[in-house]
């Protein structure tokens, strides 16, 4: 009887030991970070970045994770080529000097098995500041076309342009920028 109990305990512990972090690679075709801001109070303008890479590591049992997202700043897409060049200039992204921006985190907040917030650092234009992404939706399931497990989420944060040396025209053009990241990632 004692031997059976020890075997049962060993099986339970080994099952727990088998749970491990899962690594997902960002699907660049379905991860297009957006940013929006008030334009002189007339309207809310929305633009996006077309080139994103990175990975997400999740351990839902341990309630831990890691996020590494890198965005090509020259891929900014306002819908107007001349305005793209303006945003890539020294007053804003300065893409020639800072070709990427990144969000790095290893601190997740979970509710149940799902992350609801990710605390990390945003590095933009050579300046690194703490940023919390609020996860507004999260879903993991087999991808119907790729036949692999995949996860998707939407996350948002609000930052100030002036914190990243991009304050030209503030406050007429809003200092506050809302970042929205729709992300899809495929399990390795």
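The values are calculated or read from the model by the stated rules, or taken from the named source; none is laboratory data. As the structure is a prediction and not an experimental result, all values here were calculated from the model. Cβ sites come from the backbone with ideal geometry, for glycine too, and all protein chains shown count toward neighbours.
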Looking only at region 44-61, how many residues end up being more than 14 Å from residue 153 (Cβ to Cβ), touching a residue at least 40 places away in the same chain (Cβ under 8 Å) and assigned to a strand (DSSP E or B)? 2
Quick one: in region 147-176, which of the residues that are touching a helix residue (DSSP H, G or I) at 6+ places or on another chain (Cβ under 9 Å) and crowded, with 18+ Cβ neighbours inside 10 Å is nearest to residue 133 (Cα to Cα)? 152
Across region 1-43, what is the total count of residues that are outside any loop (DSSP other than H, G, I, E, B) and either at positive phi or modelled with pLDDT under 90 (or both)? 17
Report whether or not residue 74 is at pLDDT 95 or above and over 13 Å from the mean Cα position of the chain (by Cα). yes
The listed residue being assigned to a strand (DSSP E or B), in contact with a strand residue (DSSP E or B) (Cβ under 7 Å, 6 or more places away or on another chain), touching a residue at least 24 places away in the same chain (Cβ under 8 Å) and at negative phi, out of 115, 130: 115
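Report, by residue number, each residue of region 141-151 that is farther than 17 Å from residue 117 by Cβ and in contact with a strand residue (DSSP E or B) (Cβ under 8 Å, 6 or more places away or on another chain). Can you show your working first?
Looking only at region 141-151, we keep the residues that are farther than 17 Å from residue 117 by Cβ, and these are 141-150.
Result: 141, 142, 143, 146, 148, 149, 150.
Out of all the residues in region 164-188, which are farther than 21 Å from residue 68 by Cβ and outside any strand (DSSP E or B)?
Taking region 164-188 and keeping what is farther than 21 Å from residue 68 by Cβ, we get 165-178.
Residues satisfying the conditions are 165, 166, 167, 168, 169, 170, 171, 172, 174, 175.
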Selection from region 62-93 of residues that are more than 18 Å from residue 125 (Cα to Cα), surrounded by fewer than 17 Cβ atoms within 10 Å (Cβ to Cβ) and in contact (Cβ under 8 Å) with a residue 40 or more places away in the chain: 62, 63, 64
Residues satisfying the stated conditions in region 93-112, i.e. out of contact with any helix residue (DSSP H, G or I) (no Cβ under 7 Å at 6 or more places or on another chain) and not in a strand (DSSP E or B): 94, 96, 97, 112
